[in-house]
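Here's the structure we're looking at; comments come further down.
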Amino acid sequence: MLHDLLYLAQQTINALQQGSIYALIALGYSMVYGVLTMINFAHGDLFMLGAFACMLLAGVVTPLLTAVPPILVFILILLMVMAVIGFLGAFIERVAYRPLRGAPRVSAIITALGCGLLIESLTLVIFPYSQSIPPLLANRTFELMKVADPAGAGAPLTLTITALQILIIRVAIVLMVALDFLIRKTRYGMAMRAISFDARTVPLMGIPVDRIISMTFLIGAGLGGAAGMLYGLAYPVIAPSMGILVGWKAFIAAVVGGIGSIRGAVLGGFILGAVEVLAVVFFESTYRDLISYSLLLVILIFKPYGLLGSAPNQKV
Amino acid sequence: MKAFLASAARARWPLPALIALGFAIAILSQYQPIFSGYAQIVLITIGINIILCASLNLVNGYMGEFSVGHAGFMSLGAYTSAVFTTKWLPDLPALFPVAVVFGGAIAALIGFLLALLSFKTRGDYLAIITLAFLMIVKSTWENIPYVGGPAGLLGVDKMTTLPWTLFWVVITILVIRNLIYSKFGRAIIAIREDEIAANAMGVRVREAKILAFVVSSFFGGVAGALYAHLNFINPKYFDIVKSTEILVMVYLGGISSLGGSILGAIIFTFLLNALEPLGYWRMVILSALLIALMLFRPRGIMGLRELPWFLPRRELFAKGVVPLAPKKT
């Protein structure tokens, strides 16, 4: 009994790590959908670029700063990755999405698909093989609990958490709290919420819509880049295809939480992380995708606009 | 010469003549080495892509929805027809058309269920539902050992020939063209323009949507069945990248245009094969092309315009392509 509880507790820790990464990516989808009602299909590939940017930056920065404590190097690289990916996201919006704002919505979605494909295939040209990220921090494993195997024969079961897991969860939570503050308490955040509430009236109130949208892409892509870096540290072998694999999952998380809702994205991310980890606990690991996508369909049947989303008001 | 071409574009006879010529060449090529093996495969692939493209155009172009799950229907058709010809009734080449129809029917059945589900939500959420559908189908095949699991289904006979492909291309274009210029087709276009207004005018929105979805998924399944009997199939082939390819073809050729779908499928398949030596650069070029196309010509090459050959006679009069006969007074 205790054995099973311990196992479940271990999986909960893993789910928290997975969920916080999903939540960070899902935020980017949700923020963009909130202001533009557009699905930014290139976001998953920006997440993937975050991991590659971390690899490249770590190769340059770490040898230069040997005297600096590793945690500061980590924070420096994290900020640089967020800045690079953030500006890239804003740049894509500027050149590819903004000219299409008056065009049919589908054109923008297709362009986003094209941008994602372009990023992925360009990365594939530069890095045809999987790359590995050097560890930025010495990873330590903390043993929280140890229980002898009841049968007496096997090795004792331990409940462990690594320093990296703590760091990932902590960074994710700090970023989410900062975002929540930005959206609820600052003028930018107020403008962002206003645009998603009524995009047609807001420009009449003197709010620079273009600048706010650029900001949204900057922040959303920056968070995606940070998620990519955390993911790369947790699973150090990275490949261009992970943009699609993980990115689409995070998109599901955003939809489950209610796309357009910031807190919904976080909730959806953690739910998806938990479902994926639990699916592997109870079924074979090959069923993971089947279960998480079926969950999405079931939730959409009962809550068509996600858990925390609200139905758009239909104007005729 | 120019005058001849101009009159041929308006006339009714060239299309049946072209189809007859196509069939003659296709059937002859089975007995005489007209095309090399590679050329045959490229031509069949173009045919399969035309079917995929025209059928997706019905939902994404004419109805204005955004489905990303077409590769899922293709996969359903491919697997069910391949199971039919390899496991249930093997070694009966005469039953190949039945297998293709069976694959299409299963895809249509699932398409019907998906259409019902899609009424729960609106707009962009169809993209999400079809995405989930695509992933579920792929994951299901991977977990069924009966169809080979992740390794794919082996030992499928190469029964897809040029005449069969041409036959199905003609059927697809004919059915979709007749559907579009029927009462239901008008309803589908009305839904694209304004669903609420269409509903208020008495268009049966649900019926029209379900019909469009079922027809589209049927032909998606047919294309998959043809593909399964030409190539080796495994679950990974029918993923989001395949769906994106079909979307690229549709939007390249032009939405709401069967002529555009044919053109898009031909150009895209040709480029894909011509750029083969470039390796990974191929996808870079194709995706850059897609972005440029959307920025400078968002409706595609033939967007919202139709080849005069596909228009019914009354449409030709309405558009002034053919002058009405002067009334005798």
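Some points to look at:
- B:ASP157-A:VAL209 pseudo-label distance in nm [points 7 Å out on the Cα-to-Cβ vector]: 6.1 nm
- Inter-chain Cβ neighbour average for residues B:136-146, partner chain, 10 Å: 3
- Computed from the Cβ-Cβ distance with R0 of 51 Å, the FRET efficiency linking A:ALA178 to A:HIS3 stands at 0.85.
- Cut-off 15 Å between beta-carbons: net charge of the residues surrounding A:TYR188, Lys and Arg +1, Asp and Glu -1: +3
- Take every Cα pair under 8 Å whose residues are at least 6 apart in sequence, average their separation, divide by the length of chain B, and the relative contact order is 30 percent.
- Sequence-distant contacts, meaning Cα pairs under 8 Å at least 6 residues apart, place the relative contact order of segment A:2-240 at 42 percent.
- Table column - 3J(HN,Hα) (Hz), segment B:178-186, Karplus curve with 6.51, -1.76, 1.60, x for Gly and Pro: 5, 5, 5, 8, 9, 4, 5, x, 4
- The number of Lys pairs in segment B:14-237 with C-alpha atoms less than 17 Å apart, excluding pairs fewer than 8 positions apart on the same chain, is 4.
- Whether segment B:191-296 is rounded, prolate or oblate, judged on the alpha carbon gyration tensor where a/c under 1.5 counts as rounded: oblate
- Segment A:2-240: translational diffusion in µm²/s, Stokes-Einstein, Kirkwood Rh over Cα pairs, 4 °C, 1.567 mPa s: 66 µm²/s
- Cα gyration tensor category, rounded, prolate or oblate, for segment B:14-237 with a/c compared to 1.5: oblate
- The peptide list B:196-207, A:218-229, put in order of mean Cβ contacts within 10 Å with the highest first, becomes A:218-229, B:196-207.
- Applying the Karplus relation 6.51 cos²θ - 1.76 cosθ + 1.60 with θ = phi - 60° to segment B:215-229 yields 3J(HN,Hα) values of 4, 4, 6, 4, 6, x, x, 4, 4, x, 4, 5, 5, 4, 9 Hz, where x marks Gly and Pro.
- Peptides ranked, highest mean first, by Cβ atoms within 10 Å: ranges A:175-182, A:243-250, B:247-254: B:247-254, A:243-250, A:175-182
- Packing order of peptides B:33-39, A:29-35, B:21-27, highest average first: A:29-35, B:21-27, B:33-39 (average count of other Cβ atoms within 10 Å over each peptide's residues).
- Net charge dipole, the protein assembly as shown: roughly 2360 debye, given to the nearest 20, about the Cα centre with Cβ charges of +1 for Lys and Arg and -1 for Asp and Glu.
- Histogram of C-alpha separations across the protein assembly as shown, 10 Å bin width, %: 3, 14, 24, 25, 17, 10, 4, 1, 0, 0, 0
- Helices in chain A that qualify as membrane-span-like (whole DSSP H runs, Cα extent of at least 27 Å along the helix axis, mean Kyte-Doolittle hydropathy of -0.5 or higher) are A:2-36, A:43-64, A:70-92, A:105-126, A:163-185, A:209-234, A:262-282.
- C-alpha center-to-center spacing [segment A:228-254, segment A:75-128] in angstrom: 16 Å
- In this structure, the amide hydrogen of A:THR160, modeled 1.01 Å from its nitrogen in the peptide plane, lies closer than 5 angstrom to those of A:LEU144, counting only residues at least 5 positions away or on a different chain.
- Residue-by-residue Karplus 3J(HN,Hα) for segment B:46-57, coefficients 6.51, -1.76, 1.60, Hz, glycine and proline x: 4, x, 4, 5, 5, 4, 4, 5, 5, 6, 6, 4
- All aspartates and glutamates inside 15 Å of A:LYS249 as judged from Cα atoms, apart from same-chain residues fewer than 8 positions distant: A:ASP45, A:GLU276, A:ASP289, B:ASP239
- Considering segment A:142-243 at the alpha-carbon level, its Rg and Dmax are found to be 21.8, 74 Å.
- Using just its DSSP H runs of length 4 or more, each adding -39500 (n - 2.57), chain B gives a mean residue ellipticity at 222 nm of -21500 deg cm²/dmol after division by all residues.
- Global geometry of segment B:1-134, whether rounded, prolate or oblate, following the gyration tensor of its Cα atoms and the 1.5 cut on a/c: oblate
- The H on the amide N of B:ILE233, modeled in the peptide plane, is under 5 Å from the matching H of B:LEU153, each at least 5 residues off or on a different chain.
Here, each number is a calculation from the coordinates, and none is a lab measurement. These figures come from a predicted structure and were not determined experimentally. Cβ coordinates were reconstructed from backbone atoms using ideal geometry, including for glycine residues, and neighbour counts include every protein chain displayed.
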